[in-house]
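Below is one structure, written out as structure tokens, with a few remarks after it.
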Amino acid sequence: MDKAAEYLSANKHTVVIVSGGKGPGEDISEAKAMQQGLIAQGIEEARIVMEDKSTTTHENIVFSKEPIPDTAASGVIVSNDFHICRAVEIAKKEGLDMKGLPAKTPKVSLLKSYTREYLAITKYYLTGLIGR
């Protein structure tokens, strides 16, 4: 969220789509938590579009694509550094011109995060080879 708030503060006319549903045992969706976090960092609520139905990275991209105007030429995906490559790749596959803006992953989470992402990338490419 810090990286997104930094980008949005420097790009005052940029609108952000926060994306992510509510998981088991969570009181609010990921999108709502991001919205609240951005507002707390001074980003105007009117600049924040919420997508709160997605449960996977692919759904994040597909569902977030809906409110993007046809006139938008490109965009930026903000995510953890371990995750940015796959997110941008999925966006490209969905016809979006996106650049990645990586946020640092806390050292305590590196091993778990990169291991999980390795498995997710493997699944992504295998699914593409054999179909869904």
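The values are calculated or read from the model by the stated rules, or taken from the named source; none is laboratory data. None of these values were measured; they are calculated from a predicted model. Glycine gets a Cβ as well: all are built from the backbone with ideal geometry, and neighbour counts include every protein chain shown. These accessible areas exclude ligands, DNA and RNA; they are computed on the full protein's heavy atoms, side chains included. Shrake-Rupley method; radii C 1.70, N 1.55, O 1.52, S 1.80 Å.
At-a-glance table
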read-out	value
Charge tally in the Cβ shell below 13 Å around Ala91, where Lys, Arg are +1 and Asp, Glu are -1, Ala91 excluded	+1
Point-to-point label distance, Leu101-Thr55, nm (Cα→Cβ direction, 7 Å offset)	3.0 nm
Folded to 0 to 90 degrees: helix 110-130 orientation relative to the chain principal axis, Cα	70 degrees
Peptides ranked, highest mean first, by Cβ atoms within 10 Å: ranges 28-38, 64-74	28-38, 64-74
Projected label distance in nm at Cys85 and Ala72, using a 7 Å step from Cα toward the beta-carbon	2.5 nm
Karplus 3J(HN,Hα) series, Hz, for the range 71-88 with 6.51 cos²θ - 1.76 cosθ + 1.60 (x for Gly, Pro)	7, 6, 7, 7, x, 10, 9, 9, 7, 4, 4, 5, 10, 5, 4, 5, 4, 5
The chain, dipole about Cα centre (Lys/Arg Cβ +1, Asp/Glu Cβ -1), debye to the nearest 20	460 debye
Share of carbon and sulfur in the accessible heavy-atom surface of the chain [1.4 Å probe, %]	57 percent
The range 23-37 - phi-based ³J(HN,Hα) in whole Hz, Karplus 6.51/-1.76/1.60, Gly and Pro as x	x, x, x, 9, 7, 9, 6, 4, 4, 5, 4, 5, 4, 4, x
For the range 30-119: Kirkwood Rh in Å [reciprocal of mean 1/r, alpha carbons]	14.4 Å
Val49 long-range amide H proximity, modeled H, under 5 Å	Val16, Ile17, Val18
Whole-angstrom gap from the range 40-73 to the range 90-119, using each part's C-alpha centre	17 Å
Accessible area in square angstrom per residue, the chain, 1.4 angstrom probe	67 Å²
Computed [θ] at 222 nm, helices only, for the chain once each DSSP H run of length n ≥ 4 contributes -39500 (n - 2.57)	-14000 deg cm²/dmol
Which of Ile39, Leu126, Pro106, positive extreme of dipole for the chain (C-beta unit charges)	Leu126
Environment charge of Glu6, counting only residues whose C-beta is closer than 13 Å and scoring Lys/Arg +1, Asp/Glu -1	+2
Theoretical FRET efficiency, 1/(1+(r/R0)^6), r = Cβ-Cβ of Lys123 and Lys92, R0 25 Å, to 0.05	0.90
Within the range 58-94, GluC sites (Glu not before Pro) in DSSP loop having at most 14 other beta-carbon neighbours inside 10 Å	Glu94
Where labels lie 7 Å past Cα in the beta-carbon direction, separation of Lys12 and Glu44 in nm	0.9 nm
